[in-house]
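**Student:** Structure in structure tokens, see below.
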Amino acid sequence: MPTEKCLQEIYAPHNACYGCGPANQRGLKVRSFVEGDLVVANWTPESHHEAFPGVLNGGIIGSILDCHCNWTAAWHLMQKQGVKTPPCTVTMEYHIKLRRPTPSDQPLSLQAWVEASTDDVASVRGELYAGGKLCDVCTGKFMAVKPGHPAYHRW
């Protein structure tokens, strides 16, 4: 495991989200890192993540892209607002396009970036690659929540 801390470990070490929570022992543990204008991640599936032999389950694809894009939005909004911690963000909507079967027998790479934003909503595009080939695309909107929302201060 790399010694460099990801966004999730820095800003939400007690988060139990299934997709990206460092505190969820049974979760997927997506680890997102900032690289310039992109937020990137590497993730390696296991056989229990398969839809059928050799191919990753679509729900798992949706989960890892959703969480990775959500953290991309949170990082972007934090930078835009000039604050020291990211706002708690939630998914307003996301769409997954499964372009080709995603292999489950090799490491996957994700990249995401913000295409547009307001003060509290970021529109993000995320892409999932296997062996350098684009397999899946996510587009979505992610919103910073306010006091009173159940996700407020979850991080």
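Rule-based calculations on the coordinates, nothing more; no lab input. Not measured: the values here are computed from a predicted model. Note that each Cβ is placed from the backbone with ideal geometry, even for glycine, and that neighbours are counted across all protein chains shown.
**Student:** To the nearest 20 debye, what charge dipole does segment 33-144 have about its Cα centre, counting +1 at the Cβ of each Lys and Arg and -1 at the Cβ of each Asp and Glu? Could the numbers behind the result be given before it?
**Tutor:** On the way: 8 positive and 12 negative charges, 31 e Å.
The dipole of segment 33-144 has a size of about 140 debye.
**Student:** Evaluated at 10 °C with a viscosity of 1.306 mPa s, what Stokes-Einstein diffusion coefficient in µm²/s does segment 1-70 have when Rh comes from the Kirkwood expression over alpha-carbon pairs? Intermediate values should be presented prior to the final figure.
**Tutor:** Values: Rh = 12.7 Å.
Here the translational diffusion coefficient equals 125 µm²/s.
**Student:** For the chain, list the cysteines whose Cβ sits under 4.7 Å from no other cysteine Cβ?
**Tutor:** Within the chain, the cysteines lacking a partner Cβ under 4.7 Å are Cys6, Cys17, Cys69, Cys88, Cys135, Cys138.
**Student:** Further, regarding this structure: Mind listing the Cα extents of segment 33-144 along all three principal axes, in Å, largest one first?
**Tutor:** 45, 25, 21
**Student:** Relative to the longest principal axis of the chain, what angle (0 to 90°, nearest 10) does the C-alpha long axis of helix 58-81 take?
**Tutor:** The answer is roughly 30 degrees.
**Student:** Give the long-range amide H neighbours of Leu108: residues separated by 5 or more places, or on another chain, with amide H under 5 Å away, using H modelled in the peptide plane at 1.01 Å from N.
**Tutor:** Trp43, Thr44
**Student:** Counting other Cβ atoms within 10 Å of each Cβ, which trypsin sites (Lys or Arg not before Pro) in segment 35-129 have at most 16 and sit in a DSSP loop?
**Tutor:** Hits after loop and neighbour filter: Lys84, Arg99.
**Student:** List, in the order given, every pair from Lys80/Lys146; Lys84/Lys133; Lys29/Lys84 whose Cα-Cα distance in the structure shown is over 27 Å. Before the final figure, lay out each step's value.
**Tutor:** On the way: Lys80/Lys146 17 Å; Lys84/Lys133 36 Å; Lys29/Lys84 23 Å.
Checking Cα-Cα distances, Lys84/Lys133 exceed 27 Å.
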